[in-house]
Amino acid sequence: MIRPDAPVLLEIHDLQARVEDQPILKGVSLTVRAGEIHAVMGRNGSGKSTLSKVLAGHPAYTVTGGTVHYLGEDLLSLEPELRARAGLFLGFQYPVEIPGVSNLEFLRVATNARRAGKGEEELDTFAFEDLVRERLQVVQMDPAFLERSVNEGFSGGEKKRNEILQMALLDPLVAVLDETDSGLDIDALRIVAGGVNHLAGPDNATLLITHYQRLLDVITPDYVHVMAAGRILRTGGKELALELEERGYDWVDAELAALERTPAEVL
Amino acid sequence: MVAASLSTPTAAAGAGPGGWIAALLATASGGADALAASRQRAAQALAQIPLPSRRDEAWRFTDLAPLTALNPTLLTPAPAAQPEVAAGSLRLHLDGRSDPLAGISLPAGVEPISGAELSETLGQVLAATGSADLWPVLLNGATARSVLALRVRGAVPTSLELVSDAGGGEGILSLRLLLLLEPGASVEVLQVHRSSGANLTSVVLEARLREGAVLRHGLLAPGDGAACLLATVAVEQATGSRYSGVSAHGGWALGRLEPRLVQREGAAHSALKALQLADGRQISDTHSQMVFAGPGGRLEQLHKAVADGHGRSVFNGAVQVPRLAQRTDAAQLSRNLLLSDRARIDTKPELEIVADDVRCAHGATVSRLQQDELFYLQSRGIAADQAARLLLRGFCEEVLQELPAAAAAWQPLVSLLGEEGR
Ligand SMILES: Nc1ncnc2c1ncn2[C@@H]1O[C@H](COP(=O)(O)OP(=O)(O)OP(=O)(O)O)[C@@H](O)[C@H]1O
Ligand SMILES: [Mg+2]
């Protein structure tokens, strides 16, 4: 839902980042207001996951330029855990397996960290069990997954559901979902999309990174952005996604070539 | 902790390492108990050989200095505070002197062994596993004054806890254990050894598993930065038997565990899961040996170690598969977590495989906490140091949760990592 007067939650300006010596993000700008759903699309390797990890504060990436403001504050100066406690959520493209750490305990510690960030009381084990059982229904997940180690031995789809379960527990203000739809069967896709719709409200915002129109059939984006070579090359409405589905990304090369001819210093 | 009672200390400790043994033997000699004769023999053997030094392959990384710094005298610890006994478990207290069975009624299927049978049997499993001449075994033989010896028949539902706490006193606590599992017998046995002072806990367990017997064995040993532990577990297995040993030790100035297994005719199942921790200037050492003396045997071994501070972790895993041991299936994995730049980890498989139709897999990894795992936890609002603790606990839990259920009362995580379990 686009409301021009809605508060700005996330403001990315000319963000540049590299990994080791390789520049990956080359000037990303994006404004996200409360209530909005943004889709970010683009070829493999165009920098979508890098953008999401830089926002979450992954230590492998170095920001070399630009700014990110979250709720008006400098996001990049915060440790990853403080970003999360302030309500920024990253649904990982590849959720990490953590052997030996029980999913239930992990979820409880994470939920309480976020609650502390909201100025709410910690939940004790019993209160948390009630909450988690209720939220499990959003993603229709078997409670047996709580007893297992975090993501260990989960199938691809199960890992993605576990990400949405975390999102449902952490009550984010800005959720960045990196290909949460890939690897899902049709039922799971419906469940995950239903979960995202269920959690999206007028006060929060969602950034969906996806390759597929089928997700956008169920979750209608307000904006669609196309990333290429570490930039946002074009922004449009939901029809841009349909156009991509039809035309593919060949036009991207022509626009990129034009961009490359314009020296960056002149911009 | 309750103060421990001491035997008379001697003043000869200053006379170098050889003097240390002489002083110890002087306080340990004599006595008219059932072990007197074998103690005499062990003492003689011990007096003739030099202390293990770092020139000996088996002690290359393990300095005995923390041990020879101890008062060379015998220690009889006073009873110490202990957690409540878990339901379904029977706890026997070992102080090296009093009879752990006094006033105890053993569960059906478990009976003490004594007299001629005991003196005849004692030492046989040590001999069968090639352990009789190991220095820690000789040291134990020269100092132990009593033995807890039990025979097990049938399936025993009660698990046995064999518990010692050397406490804060000085000296050497020597414990000797013997378990004979008759054909088809099954039982769970948990050893717990603790200390809180400048002392040595020396423990030797011999276990004989007859055909089809099953022993689920745990050894939990949270130590003290001034204390030493030398533990030997010798296991002789007949065909169709299953031995599963789960151990966790750490926190000792010097803690060394030596599991020594032999499958006498092969065709048995052995599983070893171990966790050892070394922080500060501690040394945590495991030297395991598995001998397949017949065909068709199996071994599954996982050894995990964590080294922090200036700690040092040593693992040597010997597996012998002679020609007659065809169709042996052995897997050994050593996984190590290095938490500090000054800590040290030495891990070495020692496979001697002569048979050709066998599967022997082995592997070793040494790593730090994984950045991606840390980041995943941090991205969920968990602070870096708490995330690191969660990962460390996760690493340890894989072994700790395999300990016999009775171990829970001893809070393995808290006692080994020194923090809240949940
Ligand atoms: N840690 C890293 N080390 C080296 N190269 C990296 C690293 N992270 C990203 N890259 C490189 O940066 C580029 C962008 O990667 P990124 O994962 O952001 O792409 P993506 O748009 O998410 O692609 P996909 O659609 O395949 O998920 C790629 O060329 C990738 O190889
Ligand atoms: Mg990606």
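Just give me the residues in region A:1-31 being among the β-branched types (Val, Ile, Thr), under 25 Å from residue A:64 (Cβ atoms) and more than 13 Å from ligand 1 (Cβ to nearest atom), in sequence order.
A:8, A:12, A:31
Limited to region B:73-100, what total is found for residues that are farther than 24 Å from residue B:35 by Cα, without any contact (Cβ under 8 Å) to a residue 60 or more places away in the chain and acidic (Asp, Glu)?
Selection size over region B:73-100: 0.
Consider residue A:249 against the criteria (1) within 25 Å of residue A:112 (Cβ to Cβ); (2) within 16 Å of ligand 2 (Cβ to nearest atom): it satisfies all of them except one. Which criterion is unmet?
It fails just one condition, (1).
Any residue in region A:32-48 that is more than 6 Å from ligand 1 (Cβ to nearest atom) sitting within a Cβ distance under 8 Å of a residue that is among the acidic types (Asp, Glu)? List the pairs, counting only those 6 or more apart or interchain.
Final answer for the pair search is A:32/A:11; A:34/A:203; A:35/A:203; A:36/A:222; A:37/A:222; A:38/A:222.
Among the candidates B:103, B:109, B:130, B:141, single out the residue that is farther than 24 Å from residue B:248 by Cβ, open to solvent by 10 Å² or more (accessible area, probe 1.4 Å) and free of Cβ contacts under 8 Å to residues at least 40 places away in the same chain.
Being farther than 24 Å from residue B:248 by Cβ, open to solvent by 10 Å² or more (accessible area, probe 1.4 Å) and free of Cβ contacts under 8 Å to residues at least 40 places away in the same chain holds for just one of B:103, B:109, B:130, B:141, which is B:103.
Hey, any hits in region A:181-202 for a residue that's at pLDDT 95 or above and either within 16 Å of ligand 1 (Cβ to nearest atom) or assigned to a strand (DSSP E or B) (or both)?
Within region A:181-202 (the criterion being at pLDDT 95 or above and either within 16 Å of ligand 1 (Cβ to nearest atom) or assigned to a strand (DSSP E or B) (or both)), the answer is no, since none of the residues qualifies.
Please enumerate the residues belonging to region B:369-414 that are closer than 30 Å to residue B:318 by Cβ, modelled with pLDDT of 95 or more and open to solvent by 30 Å² or more (accessible area, probe 1.4 Å).
Result: B:402, single match.
Can you name the helices (runs of 4 or more DSSP H) wholly within region B:82-190 that have at least 2 residues being at pLDDT below 95 and of a type outside the set (D, E, K, R)? Break it down stepwise before answering.
Details: elements: B:115-121, B:124-128, B:135-143.
By residue number, B:115-121.
Since residue A:83 meets every condition but one in (1) assigned to a strand (DSSP E or B); (2) buried (at least 19 other Cβ atoms within 10 Å of the Cβ); (3) more than 14 Å from ligand 1 (Cβ to nearest atom), which condition does it not meet?
Residue A:83 satisfies every listed condition except (1).
Being out of contact with any Phe, Trp or Tyr (no Cβ under 9 Å at 6 or more places or on another chain), more than 9 Å from chain B (Cβ to nearest Cβ), in a loop (DSSP other than H, G, I, E, B) and not small (Gly, Ala, Ser) is the requirement here; does residue A:131 meet it? Show your work before the answer.
Numbers: out of contact with any Phe, Trp or Tyr (no Cβ under 9 Å at 6 or more places or on another chain): yes; more than 9 Å from chain B (Cβ to nearest Cβ): yes; in a loop (DSSP other than H, G, I, E, B): no; not small (Gly, Ala, Ser): yes.
Criteria not met by residue A:131.
Are there any pairs, at least 6 apart or on different chains, whose C-beta atoms fall under 9 Å, with the first in region A:99-115 and facing chain B (nearest Cβ under 7 Å) and the second assigned to a helix (DSSP H, G or I) and among the basic types (Lys, Arg), and if so, which?
A:100/B:393; A:101/B:393; A:113/A:85; A:114/A:85
I want to confirm something. Restricting to region A:110-130 and keeping residues that are at pLDDT 95 or above and surrounded by 16 or more Cβ atoms within 10 Å (Cβ to Cβ), which single residue is farthest from residue A:196 (Cα to Cα)?
If we take residues in region A:110-130 being at pLDDT 95 or above and surrounded by 16 or more Cβ atoms within 10 Å (Cβ to Cβ), then A:123 is farthest from residue A:196 (Cα to Cα).
If a residue has to be in a loop (DSSP other than H, G, I, E, B) and either more than 8 Å from every other protein chain (Cβ to nearest Cβ) or open to solvent by 20 Å² or more (accessible area, probe 1.4 Å) (or both) to count, how many in region A:86-98 make the cut?
6
Can you say whether residue B:351 is part of a strand (DSSP E or B), touching a residue at least 40 places away in the same chain (Cβ under 8 Å) and either within 14 Å of chain A (Cβ to nearest Cβ) or within 22 Å of the chain's Cα centre (by Cα) (or both), as far as the supplied structure shows? So that I can check it myself, show each step before the final result.
Numbers: part of a strand (DSSP E or B): yes; touching a residue at least 40 places away in the same chain (Cβ under 8 Å): no; either within 14 Å of chain A (Cβ to nearest Cβ) or within 22 Å of the chain's Cα centre (by Cα) (or both): yes.
In short, no.
The values are calculated or read from the model by the stated rules, or taken from the named source; none is laboratory data. Keep in mind it's a predicted model, so treat the numbers as computed, not measured. Methodologically, a virtual Cβ is constructed for each residue, glycine included, from the backbone with ideal geometry; neighbour enumeration extends over all protein chains shown. SASA here: full protein model, heavy atoms, side chains in, ligands and nucleic acids out. Shrake-Rupley method; radii C 1.70, N 1.55, O 1.52, S 1.80 Å.
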